[in-house]
Amino acid sequence: MNFAPSSEKPDNSRPAIEFDQLVRTFGKTTAVNRVSFKVFPGEVFGFIGPNGAGKTTSMKILSTLDTPDSGSAKVDGFCSVNDPERVRRRLGYMPDGFGAYANVTCEEYLDFFARSYGLRGKDRIHSLRNVMGFTQLDQIAQKPITGLSKGMKQRLCLGRALIHNPKVLVLDEPAAGLDPRARIELREMITALADDGKSLLISSHILTELAEMCDRVAIIEQGGLLAVGSVEDILSGDHQRSSEDTTGGQVVTESGQLVVQILGDAGAARSWIENELSLTVRITGNSLQFPFSGSAEDQAALLRKMVDSGIAVVSFSNKQRSLEDAFLHVTRGRVQ
Ligand SMILES: Nc1ncnc2c1ncn2[C@@H]1O[C@H](COP(=O)(O)OP(=O)(O)OP(=O)(O)O)[C@@H](O)[C@H]1O
């Protein structure tokens, strides 16, 4: 990939994207409720939440397509409301739908957007060549866009968002409906763009869809941020709780589940654990599962006590919280 290099050294400590106490209401619906977070240069940031959580609304405000009731959204320090031209020059937005443009080829489509951004002469040709090479659309440059596969349409939309070589990319549900191969290819393109110093804000309903490609994620529900942190932090429950958790939602606090396999009477072992730890134990065959938030030493002490009390322990393990578990734990499935 060879997007025009900047002679300026990027200032990686300055946020490329900054939401500050963003609020947007539609009638009685608070679509976005005091959302604040920052994305830094070269960072891939996942914006995760169920339907109607407020992702698209926040992204549209950042992309100058909507205005907030209060708070601000900034790109490279420029406010989307007060400085929309500067924001548009620095940002590429890929919406979650694909506009229908019949009877144009891939190249004509991208050329239209290159011209719309004021690219002329050599700059336009250079930009088209770069983008079509990067997205591998050069192989189908003369194909009409109406017949493209979903994966190719996504490439074309990404190409359109990239045509003016923006510093910031906002991708709304880019992985939705893609087959596994197209998803891997998308991930590779996203990683390459981040390696090039671009900042990416990417939305999804599904944490697992973005987990491998994101440096950090924010989880949003009913307009309010519930958690911000790395995927590992979210899994371990060690993420930053949103200082403005306007929903009053409980966020992850416990560390995981212990799974203990035993020989013999699982019912008796369950009673022993329930008495000892004052909690509920689930039995599946000879396997007992229960929440446990202690340290490694606490686990070792519990194992010793179980063996001393005559329970025939075959295996004793700490089940890592799955991404889906963590997501379900942080959110509560509330839809507006
Ligand atoms: N133009 C609008 N007029 C009225 N309500 C709106 C409008 N745009 C969004 N909303 C409402 O705001 C809330 C947030 O919607 P938004 O599209 O931002 O959510 P989302 O997280 O992107 O969801 P999805 O993943 O389903 O696209 C929803 O309740 C939605 O119905």
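Within region 37-67, the only residue that satisfies the criterion of being more than 30 Å from GLU232 (Cβ to Cβ) and either away from the ligand (no atom under 15 Å from the Cβ) or surrounded by 23 or more Cβ atoms within 10 Å (Cβ to Cβ) (or both) is THR64. If you go through region 192-221 and keep only what is within 16 Å of the ligand (Cβ to nearest atom), among the hydrophobic types (A, V, I, L, M, F, W, C) and modelled with pLDDT of 90 or more, you end up with LEU201, ILE202, VAL217, ALA218, ILE219, ILE220.
Residues in region 222-245 that are surrounded by fewer than 21 Cβ atoms within 10 Å (Cβ to Cβ) and modelled with pLDDT of 65 or more: GLY229, SER230, GLU232, ASP233, SER236.
So that you can scan it fast, the table gives a plain yes or no per residue for (1) out of contact with any Ser or Thr (no Cβ under 8 Å at 6 or more places or on another chain); (2) over 27 Å from THR56 (Cα atoms); (3) in contact (Cβ under 8 Å) with a residue 12 or more places away in the chain:
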residue: THR105; (1), (2), (3): yes, yes, yes
residue: VAL131; (1), (2), (3): yes, no, yes
residue: GLN136; (1), (2), (3): yes, yes, yes
residue: GLN142; (1), (2), (3): no, yes, yes
residue: LEU162; (1), (2), (3): no, no, yes
residue: PRO180; (1), (2), (3): yes, no, no
residue: ARG183; (1), (2), (3): yes, no, yes
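Evaluation of GLY147 against the conditions (1) touching a helix residue (DSSP H, G or I) at 6+ places or on another chain (Cβ under 8 Å); (2) without any contact (Cβ under 8 Å) to a residue 40 or more places away in the chain; (3) closer than 30 Å to PRO180 by Cβ shows that the sole unmet condition is (1). Once region 11-23 is narrowed to residues that are part of a strand (DSSP E or B) and within 18 Å of the chain's Cα centre (by Cα), the residue that is surrounded by the fewest Cβ atoms within 10 Å (Cβ to Cβ) is GLU18.
The values are calculated or read from the model by the stated rules, or taken from the named source; none is laboratory data. Remember, it's a predicted structure, so these values are computed and weren't measured experimentally. Every residue, glycine among them, receives a Cβ derived from its backbone with ideal geometry; neighbour counts consider all protein chains shown.
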